[in-house]
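Remarks on the structure that follows.
The values are calculated or read from the model by the stated rules, or taken from the named source; none is laboratory data. Everything numeric in this text was worked out from a predicted model, so none of it was measured. Note: ideal-geometry Cβ built from the backbone for every residue, glycine included; neighbour counts use all protein chains shown. All accessible areas refer to the heavy atoms of the entire protein, side chains included, with ligands and DNA or RNA removed. Shrake-Rupley method; radii C 1.70, N 1.55, O 1.52, S 1.80 Å.
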Amino acid sequence: MNYTTQHTRIVKETALSSGFDFCGIAKAQRLDDDARRLERWLSKGMHGSMKYMENYFELRVDPQKLVPGAKSVITLLINYFPSIEQPEDVPKISKYAYGKDYHDVIKNKLQTLLKTLHEKVGEINGRGFVDSAPVLERSWAQRGGLGWIGKNGNLITKESGSFYFIATLITDLELEYDDPFAKDYCGTCTKCIDSCPTDAILPNRVVDGSKCISYFTIELKEMMIPGEMNGKFDNWMFGCDTCQDVCPWNRFSKGTGENAFTPIREVLNFSLHDWEELTEESFKRIFKDSPIRRSKFDGIKRNLKFLSA
Ligand code: B12
Ligand code: SF4
Ligand code: SF4
């Protein structure tokens, strides 16, 4: 077995033993098609007030600029689908925010993975990323053969749907590359487009971020939610899962095996009244390790007020 084959096997085995569910590998190269798509998306203002999306354009579309000497982009998926969901009629929270903040959980796993690779393969230069870095994570997942980009914009696995976080490890290690995921299993389905409460899903797998409930409820910090959205949020208080909940491929979702993503009691039990009565002090204590803290207390109060307007 040559070194490349041996290293590829080590990477895939170590990814799974470090707590990731899927691992796919693609050659590190500039993403020319994605650069065009991203440019169009930005020029149409679909990032709204998420100004950070305008930054580092060239690094975002070229991993060799982000990590000099990069040869491989390793994409890792981790399932967050909960085995229990919120009851009906309470302010709705997106499933990704039921447990501990995935940024912290995944960063630790990426560190473990890198450390083990150093021990097994030797000195390699590599950097792990999750979410906040200028990396087009969904495209890399598709290129690494893990799934297709659905009409709702999400990366969908044929085995168990789309409730997965994506992380990447960009490294100078030469590896064997997976074939990009060639098929598109959306077919003639349009359930996500038809059910998006704010009509944020456009043709050709374009999601207008500036119209997405997730954007309004999480990203719009210290700003009012525009009045034209009144009555459209379908009781979503933090994030939105509608376009994934209706997706037929998510019938195959299985409960996460990651304890850190186990729902915290308050997420499952809080009624509208409990949320309204919540003090800032309790908010900070209860949600200190949760992604919900990112909206800040004032953001949650604004969202609640908007839902009951
Ligand atoms: C900005 C952002 C948002 C914004 C804007 C959404 C958007 N459409 O971009 C807002 C706040 C609205 C948002 C919402 C959500 N997000 Co978000 N978000 C991001 C972030 C930080 C950047 C995404 C980005 O680059 N957008 C720019 C647009 C142009 O890119 P894109 O949507 O990824 O589309 C690219 C590809 O799809 C590609 N493409 C289109 N067609 C095709 C076809 C082929 C063949 C190929 C190869 C590529 C391709 O073209 C685009 C440019 O490359 C990523 C993390 C990251 N660093 O990637 C997470 C990320 C995409 N979000 C994620 C999640 C979970 C969500 C929510 C489900 C959260 C929630 N429940 O509320 C929603 C889903 C909304 C939706 N339907 O897309 C996950 C997605 C996991 C998955 N399975 O796909 C990510 C990867 C975070 C993570 N690390 O896990 N998000
Ligand atoms: S997350 Fe909700 S608002 Fe955003 S695109 Fe999906 S269904 Fe539409
Ligand atoms: S709901 Fe239908 S169209 Fe939308 S992503 Fe799922 S399979 Fe594709």
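A few remarks follow.
- For Gly153: the one exception among (1) more than 10 Å from ligand 1 (Cβ to nearest atom); (2) in a loop (DSSP other than H, G, I, E, B); (3) in contact (Cβ under 8 Å) with a residue 40 or more places away in the chain: (1)
- Contact map, the stretch 43-63: residues that are of a type in the set (Val, Ile, Thr) paired with residues that are not in a helix (DSSP H, G or I), Cβ distance under 8 Å, separation 6+ or inter-chain. Pairs shown: Val61/Arg30; Val61/Leu31; Val61/Leu136.
- Taking the numbered list (1) surrounded by 13 or more Cβ atoms within 10 Å (Cβ to Cβ); (2) within 22 Å of the chain's Cα centre (by Cα) in turn, Thr8 passes all entries but (2).
- Selection from the stretch 27-46 of residues that are open to solvent by less than 50 Å² (accessible area, probe 1.4 Å), more than 30 Å from Thr256 (Cα to Cα) and not acidic (Asp, Glu): Leu31, Ala35, Leu38, Leu42, Gly45, Met46
- Boolean, Gly24 is surrounded by fewer than 21 Cβ atoms within 10 Å (Cβ to Cβ) and over 30 Å from Glu276 (Cα atoms): no
- Filter result (within 18 Å of Val105 (Cα to Cα) and not aromatic (Phe, Trp, Tyr)) within the stretch 275-306: Ile286, Lys288, Asp289, Ser290, Pro291, Ile292, Arg293, Arg294
- Residue in the stretch 104-121 that is over 27 Å from Lys158 (Cβ atoms) and in a loop (DSSP other than H, G, I, E, B) present: no
- Within the stretch 231-243, the set of residues being within 11 Å of ligand 1 (Cβ to nearest atom) and assigned to a loop (DSSP other than H, G, I, E, B) comprises Gly239, Cys240, Asp241.
- Being without any contact (Cβ under 8 Å) to a residue 60 or more places away in the chain, β-branched (Val, Ile, Thr) and surrounded by fewer than 22 Cβ atoms within 10 Å (Cβ to Cβ) is a property that Ile84 lacks.
- The one condition in (1) free of Cβ contacts under 8 Å to residues at least 60 places away in the same chain; (2) within 20 Å of Tyr80 (Cβ to Cβ); (3) open to solvent by less than 30 Å² (accessible area, probe 1.4 Å) that Leu278 fails to fulfil: (2)
- Top-ranked residue of the stretch 177-230 - restricted to ones that are closer than 15 Å to Arg302 by Cα, open to solvent by 40 Å² or more (accessible area, probe 1.4 Å) and in contact (Cβ under 8 Å) with a residue 60 or more places away in the chain, ranked as farthest from ligand 1 (Cβ to nearest atom): Asn230
- Those residues of the stretch 127-150 which are in contact with a helix residue (DSSP H, G or I) (Cβ under 6 Å, 6 or more places away or on another chain) and more than 11 Å from ligand 1 (Cβ to nearest atom), in sequence order: Gly128
- Scan of the stretch 220-257 for residues that are within 16 Å of ligand 3 (Cβ to nearest atom) and over 25 Å from Gly150 (Cβ atoms), ordered by number: none
- Glu174 being assigned to a loop (DSSP other than H, G, I, E, B), in contact with a Ser or Thr (Cβ under 6 Å, 6 or more places away or on another chain), more than 9 Å from ligand 1 (Cβ to nearest atom) and acidic (Asp, Glu): yes
- Test: residue in the stretch 200-219 that is away from ligand 3 (no atom under 16 Å from the Cβ), under 22 Å from the mean Cα position of the chain (by Cα) and not in a helix (DSSP H, G or I): no
- Applying the criterion of being within 16 Å of the chain's Cα centre (by Cα) and surrounded by 21 or more Cβ atoms within 10 Å (Cβ to Cβ) to the residues of the stretch 243-252, the residue that is farthest from ligand 2 (Cβ to nearest atom) is Gln244.
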